[in-house]
Amino acid sequence: MMKKTSCGGGIFLHPILFKIGDFAIYAYGAALFVAFTVGILWSTKEADAEGIDQDYLYEVFLIGIVLALLGSRLTYVFLNWNFYRGGPWWKIFAFREGGLTFYGGLLAALLGGYFYCAYRKISILKLLDFMAPFIALGYAITRIGCFLNGCCYGQITTLPWGIVFPAVDSYPRHPTQLYASASALLIFFLLRYLRKFKTSDGFIFAYFLIFYGIYRFIVEFFRVSLPTIWFLTPAQVAALFFILAGAGMLYGCGYMLRRSRDSGRL
């Protein structure tokens, strides 16, 4: 049997960064703010070079942020309804305290983006290609907030980098939040690199879906999350969906490339 320990990293956890009077600044909320700020500033700096209208981009961010927060929060509450069922209703919207499900927010933002792009008559695939690296970067930053908050922790481990989450128990656990952050940062750099190989709109976002799906499917085996479909967790089911969707998009990109080459020979 594994022995309990009082060391292993619990000192790194700071759910509340600081207080201004009675108002607490939560680590998770601060990480969200930093993620959105970095994404907005960096993407608007590169928008003109990529042929993206900055005015449209600001509108996309406004719509996307609102829908992503609502979608991710409501998905999280739905998956953890037993916890929220008996509590005050306002806890459902306590964003600062953590508790968001990324794939719920992504799907909500994609839906809103689709209707926005249809209204503005702009290419949603081109926009998604441009935004995909910044989504990965924002995800990496937000997962640091998860770590400081002490949520989304992993299974018990004997590995030397195991972290104790005092609010859970005194056993060292996989810091799956840091695995997620490092994976997302790697995805960010990979997507930036792949831009030079882009063959058609949708190419970069397709790889984002595939890379995110692979990372999430693997990390879920180390994270505390109860299987609900066969031996898979809801996040792993969503990850498989993202991988298949990304592969389908890549096939479509290849088909369009072959079609354009064939038409060029006529």
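The values are calculated or read from the model by the stated rules, or taken from the named source; none is laboratory data. What you see is a predicted model; the values in this text were computed from it and never measured. Heads up, the Cβs are rebuilt from the backbone with ideal geometry, glycines too, and the neighbour counts pull from every protein chain shown.
Some points to look at:
- Selection of segment 192-204 for residues being of a type outside the set (Ser, Thr, Tyr) and touching a Leu at 6+ places or on another chain (Cβ under 9 Å) yields 201, 202, 203, 204.
- Residue count for segment 193-216, restricted to those that are in a helix (DSSP H, G or I), of a type in the set (Val, Ile, Thr) and more than 16 Å from residue 235 (Cβ to Cβ): 1
- One residue stands out in segment 149-200 among those that are of a type in the set (D, E, K, R) and either farther than 30 Å from residue 124 by Cβ or within 23 Å of the chain's Cα centre (by Cα) (or both): the one that is surrounded by the most Cβ atoms within 10 Å (Cβ to Cβ), namely 173.
- Subset tally (residues that are over 22 Å from residue 101 (Cβ atoms) and part of a loop (DSSP other than H, G, I, E, B)) for segment 156-185: 10
- Sole residue being in a helix (DSSP H, G or I), touching a Gly at 6+ places or on another chain (Cβ under 7 Å) and modelled with pLDDT under 95, chosen from 148, 107: 107
- Within segment 201-215, tally of residues that are surrounded by fewer than 22 Cβ atoms within 10 Å (Cβ to Cβ), more than 18 Å from residue 124 (Cα to Cα) and not β-branched (Val, Ile, Thr): 1
- Summed over segment 21-39, the residues that are more than 15 Å from residue 150 (Cα to Cα), surrounded by fewer than 20 Cβ atoms within 10 Å (Cβ to Cβ) and under 15 Å from the mean Cα position of the chain (by Cα) give a count of 4.
- Number of positions in segment 110-136 that are in a helix (DSSP H, G or I) and basic (Lys, Arg): 2
- Only one of 133, 166 that is touching a helix residue (DSSP H, G or I) at 6+ places or on another chain (Cβ under 6 Å), under 17 Å from residue 27 (Cα atoms) and not β-branched (Val, Ile, Thr): 166
- Within segment 53-102, the residues that satisfy the criterion of being at pLDDT below 80 and of a type in the set (Lys, Arg) are 85, 91, 96.
Let's see how each residue does on (1) more than 18 Å from residue 138 (Cα to Cα); (2) of a type in the set (A, V, I, L, M):
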residue: 175; (1), (2): yes, no
residue: 204; (1), (2): no, yes
residue: 243; (1), (2): yes, yes
residue: 253; (1), (2): yes, no
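- Residue check, residue 181 closer than 23 Å to residue 149 by Cα, of a type in the set (S, T, N, Q) and either in contact with a strand residue (DSSP E or B) (Cβ under 7 Å, 6 or more places away or on another chain) or modelled with pLDDT of 95 or more (or both): yes
- Only a single criterion out of (1) in contact with a Pro (Cβ under 9 Å, 6 or more places away or on another chain); (2) closer than 15 Å to residue 36 by Cβ is not satisfied by residue 79, namely (2).
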